[in-house]
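What follows is a single structure, written as structure tokens, with notes after it.
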Amino acid sequence: MSKRKKPSEDNSNHDFCDFLIELADYEKNVNRNIHKHNVYRKAANVLANHPTRITSGKEAQKLDGIGKKIAKKIDEFLQTGKLQKLENIHNDEKASVINLLTQVSGIGPAKARNLVEMDIRSIDDLRKHTDKLTHHQVVGLRYFEDFQKRIPRVEIEEIEKIMKCEVEKLDEDYEITICGSYRRGQPESGDIDALITHPHYTSEMCNKQNKDRLKTIVNTLEKCGLITDVLSLGDTKFMGACRLNEGATTRRLDIRLTPCDQYYCCVLYFTGSDIFNKTMRAHANEKGFTLNEHSLRPLGSTGVPGEPVPISSEKDIFDCIEYEYREPQNRN
DNA sequence: ATGTGAG
DNA sequence: ACTCACATA
């Protein structure tokens, strides 16, 4: 409880970060250049963590991760209030179409580029060529508009009720937690992230009836009309779509089935926020632990992780690494 | 096996 | 950063 590092939010170089992140996305999505992407990301990151306002490219260039080229862009931005390179990108049709197609669930940069080569330049075009798409992409396209919409908290509460009711009919020992921004108390969320565990499902004993647990759960949720589509379904992770009732907006739903010994690490991880997770993992490291979505393990003197610490609540994890407990709503 | 995409 | 599921080969 010593470091009060406020890493980001409204940092003094916020506007530089914005255009650097936009350039980063452009390099990844349009040029497929992951190296340039990483360079821009790193630069944005170092500026975001810089405590004072940068007033010249020269000053910026002293920072690790910022070289001549980015320094020059900072100067241009300071002098003109914009970046010519970015203006050009905004006016480039190919670039904007790739950006658009990428917003369809299941379509990434590679596929988007592919489609543009095939002369597909809009969502409407794409709807005429669903034969070029995987199942995931077809569903993503079908609900393109719905999936862009935010989900009001009350709607998730309703969906949670139905899920719990249906799954407990299957077996009353199932435990369900909706994580993500919903659990952090946010008024709306982008999707629904449900974690399910069962006392008989542990990380050993990964076999027998446990293999069918998730499929059985998904099956009943389909039968009761909550789940409308499957994007992918394995032994531990379901991705798909659901809706409250006919005519309601279709929502993205993820379900993870996790062994009960890993449940709280998983709940912690998927509750986020991302930034909170990062600082918490960093703190765990300082205390000689490694923390991931499955377990909390002590690091030996050699740096090799030992056996997972037994965890029976979220708070256990905080206590173990001497981190002051924070309610989910305070992890934003 | 490898690449892709999601989260 | 890391894991999982999928499609393709």
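The values are calculated or read from the model by the stated rules, or taken from the named source; none is laboratory data. Computed from a prediction, not measured in an experiment: that's the story for all the values here. Counting neighbours? That spans all protein chains shown, and the Cβs are built from the backbone with ideal geometry, glycine included. All accessible areas refer to the heavy atoms of the entire protein, side chains included, with ligands and DNA or RNA removed. Shrake-Rupley method; radii C 1.70, N 1.55, O 1.52, S 1.80 Å.
Observations, loosely collected:
- Residue within the stretch A:317-325 that is within 13 Å of DNA strand C (Cβ to nearest atom) and touching a residue at least 24 places away in the same chain (Cβ under 8 Å) present: no
- Selection count where residues are more than 16 Å from DNA strand C (Cβ to nearest atom) and either surrounded by 15 or more Cβ atoms within 10 Å (Cβ to Cβ) or not assigned by TED's automatic domain parsing to the domain that holds A:Glu168 (or both), scope the stretch A:214-227: 2
- Here A:Thr250 qualifies as in contact with an Asp or Glu (Cβ under 7 Å, 6 or more places away or on another chain) and surrounded by 17 or more Cβ atoms within 10 Å (Cβ to Cβ).
- The criterion of at least 1 residues that are closer than 27 Å to A:Gly140 by Cα, touching a residue at least 40 places away in the same chain (Cβ under 8 Å) and open to solvent by less than 80 Å² (accessible area, probe 1.4 Å) is met, among helices (runs of 4 or more DSSP H) falling completely within the stretch A:35-105, by A:84-91, A:93-101.
- Pair list, Cβ < 6 Å and 6+ apart or interchain, from the stretch A:292-304 residues that are closer than 15 Å to A:Met280 by Cα to residues that are in a loop (DSSP other than H, G, I, E, B) and open to solvent by 60 Å² or more (accessible area, probe 1.4 Å): A:Ser295/A:Pro308; A:Arg297/A:Pro308
Residues checked against (1) over 14 Å from A:Cys17 (Cα atoms); (2) charged (D, E, K, R):
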| site | (1), (2) |
| --- | --- |
| A:Val46 | no, no |
| A:Ala60 | no, no |
| A:Val97 | yes, no |
| A:Lys111 | yes, yes |
| A:Asp119 | yes, yes |
| A:Ser122 | yes, no |
| A:Arg127 | yes, yes |
| A:Thr130 | yes, no |
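- All positions within the stretch A:131-171 that are within 16 Å of DNA strand C (Cβ to nearest atom) and open to solvent by 60 Å² or more (accessible area, probe 1.4 Å): A:Asp131, A:Lys132, A:Thr134, A:His135, A:Arg142
- Residue in the stretch A:106-136 that is farthest from A:Asp229 (Cα to Cα), counting only those that are away from DNA strand B (no atom under 16 Å from the Cβ) and touching a residue at least 24 places away in the same chain (Cβ under 8 Å): A:Arg121
- Residues in the stretch A:294-314 that are more than 16 Å from A:Asp261 (Cβ to Cβ) and either part of a loop (DSSP other than H, G, I, E, B) or at pLDDT 90 or above (or both): A:Gly300, A:Ser301, A:Thr302, A:Gly303, A:Val304.
- Residues that are out of contact with any strand residue (DSSP E or B) (no Cβ under 6 Å at 6 or more places or on another chain) and among the small types (Gly, Ala, Ser) were ranked within the stretch A:295-332; the one that is surrounded by the fewest Cβ atoms within 10 Å (Cβ to Cβ) is A:Ser301.
- Residue within the stretch A:276-284 that is among the basic types (Lys, Arg) and either within 12 Å of DNA strand C (Cβ to nearest atom) or not assigned by TED's automatic domain parsing to the domain that holds A:Ala194 (or both) present: yes
- Positions within the stretch A:277-309 being of a type in the set (D, E, K, R) and away from DNA strand B (no atom under 16 Å from the Cβ), in sequence order: A:Glu286, A:Lys287, A:Arg297, A:Glu307
- Verdict on A:Asn210 being more than 10 Å from DNA strand C (Cβ to nearest atom) and in contact with a Leu (Cβ under 9 Å, 6 or more places away or on another chain): yes
- Taken over the stretch A:228-247, residues that are among the acidic types (Asp, Glu) and either surrounded by fewer than 19 Cβ atoms within 10 Å (Cβ to Cβ) or without any contact (Cβ under 8 Å) to a residue 40 or more places away in the chain (or both) amount to 2.
- The single residue among A:Thr177, A:Thr130, A:Thr134 that is closer than 30 Å to A:Asn210 by Cα, outside the structural domain of A:Asp212 (by TED's automatic domain parsing) and out of contact with any Ser or Thr (no Cβ under 7 Å at 6 or more places or on another chain) turns out to be A:Thr134.
- Restricting A:Ile70, A:Ile159 to those that are in the same structural domain as A:Ile34 (by TED's automatic domain parsing) and either among the aliphatic types (A, V, I, L, M) or within 16 Å of DNA strand B (Cβ to nearest atom) (or both) reduces the list to A:Ile70.
- A:Asn292 surrounded by 12 or more Cβ atoms within 10 Å (Cβ to Cβ) and within 13 Å of DNA strand C (Cβ to nearest atom): yes
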